[in-house]
1. So, in region 16-54, how many residues would count as being in contact (Cβ under 8 Å) with a residue 40 or more places away in the chain and either charged (D, E, K, R) or open to solvent by 70 Å² or more (accessible area, probe 1.4 Å) (or both)?
2. Give Leu37, Leu14, Leu18, Leu6 a once-over and let me know the one that is out of contact with any Lys or Arg (no Cβ under 6 Å at 6 or more places or on another chain) and assigned to a loop (DSSP other than H, G, I, E, B).
Amino acid sequence: MKAAELRDKTPDQLREQLESLKKEAFNLRFQQATGQLEQPARIRQVRRDAARVKTILNEKAAQAAAE
């Protein structure tokens with residue numbers, strides 16, 4: 001997921017995306033604990049995507065506060 005794609009989304013869409021990423025991260029951690037995880041690199045990718053979404057949300061909030 002690219003930051004440019006995220007900047008085109010509304011804050012509500014970003015919050016939904018963040019929620020789905022958190023659910024996916026939870027499921028991946030659960031799979032890892034039970035030994036069923038097939039793609040260990042996906043955990044890192046999901047964490048970074050969630051951080052990227054949070055960053056864009058903060059940027060949008062700061063921009064709205066400045067206006």
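The values are calculated or read from the model by the stated rules, or taken from the named source; none is laboratory data. Predicted, not measured: the structure shown is a model, and the values here were computed from it. Heads up, the Cβs are rebuilt from the backbone with ideal geometry, glycines too, and the neighbour counts pull from every protein chain shown. For the accessible areas, the whole protein counts, side chains as well, though only heavy atoms, and no ligand, DNA or RNA atoms are used. Shrake-Rupley method; radii C 1.70, N 1.55, O 1.52, S 1.80 Å.
1. Residues meeting the conditions: 2.
2. One residue alone meets the criteria, Leu37.
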